[in-house]
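The values are calculated or read from the model by the stated rules, or taken from the named source; none is laboratory data. None of the values given here were measured: they were computed from a predicted structure. Because the Cβ atoms are built from the backbone with ideal geometry, glycine has one as well, and the counts that use them run over all protein chains shown. The accessibility values were calculated without ligands, DNA or RNA, using every heavy atom of the protein model including side chains. Shrake-Rupley method; radii C 1.70, N 1.55, O 1.52, S 1.80 Å.
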Amino acid sequence: MTITIDAASAHPVPARHDAAAFVARAEALCAGRGLRLTELRRSAVLALAQSQTPLGAYDLAERMSQGQRRVSPISVYRSLEFLIEIGLVHRIATRNAYVACEHAHGLDETVVFLICRSCGGVDEATSPALDRSLEVTAASNGFRPRHRIVELEGECADCQKTATTAVALA
């Protein structure tokens, strides 16, 4: 696994995605569903796959515009909407930002984002137990969820270790 240093943190951050493999997966997924991965959508997928941290739509527009004419935010939002709908991208509501999703979870599974307040890193997990609990809660209220996303804020293991080391050295 490739390790890079994220500018916002003092600890190594694993590269999140093999960008070329992620774009190939996006192309295959679209082809398999009879959908088009337009050049703009491909550009958004590539930029998100290359990013170590979640990106806001305007940051994404900047990255997609490098070396070519300016990509409008509305075009970015349309691309993101498509990519979210097919499960390639997730929106992190508390950050108003987007991340590429390379996990092979189903569209009906609950996605849990573990968001580090110290370094800004985001990990993604699923939980069958949480799925069942949310199903029961939703059903008992006559509610049918479209997407189930849970966001937990705290500190990642690396930041906890860094903080513990800093305290021990002080």
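A compact table of results
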read-out	value
Of all residues in the stretch 22-40 being in contact (Cβ under 8 Å) with a residue 60 or more places away in the chain and more than 13 Å from Ser79 (Cα to Cα), the one that is surrounded by the most Cβ atoms within 10 Å (Cβ to Cβ)	Phe22
Which listed residue is surrounded by 20 or more Cβ atoms within 10 Å (Cβ to Cβ) and among the hydroxyl-bearing types (Ser, Thr, Tyr), from Ser43, Ser75	Ser43
Pair list, Cβ < 8 Å and 6+ apart or interchain, from the stretch 138-160 residues that are within 20 Å of Gly106 (Cα to Cα) and charged (D, E, K, R) to residues that are open to solvent by 90 Å² or more (accessible area, probe 1.4 Å) and assigned to a loop (DSSP other than H, G, I, E, B)	Arg148/Asp108
Matching residues in the stretch 93-111 - criterion: being at pLDDT 90 or above and either open to solvent by 40 Å² or more (accessible area, probe 1.4 Å) or within 27 Å of Gly32 (Cα to Cα) (or both)	Ala93, Thr94, Arg95, Asn96, Tyr98, Val99, Ala100
Complete set of residues in the stretch 115-124 that are in a loop (DSSP other than H, G, I, E, B) and surrounded by 14 or more Cβ atoms within 10 Å (Cβ to Cβ)	Ser118, Cys119, Gly120, Gly121
Filter result for Ser127 (polar (S, T, N, Q), under 26 Å from Gln66 (Cβ atoms) and open to solvent by less than 60 Å² (accessible area, probe 1.4 Å))	no
Within the stretch 80-92, tally of residues that are modelled with pLDDT of 90 or more, surrounded by 14 or more Cβ atoms within 10 Å (Cβ to Cβ) and not β-branched (Val, Ile, Thr)	6
Qualifying residue in the stretch 142-149 (condition: open to solvent by 30 Å² or more (accessible area, probe 1.4 Å), at pLDDT 95 or above and out of contact with any strand residue (DSSP E or B) (no Cβ under 7 Å at 6 or more places or on another chain))	yes
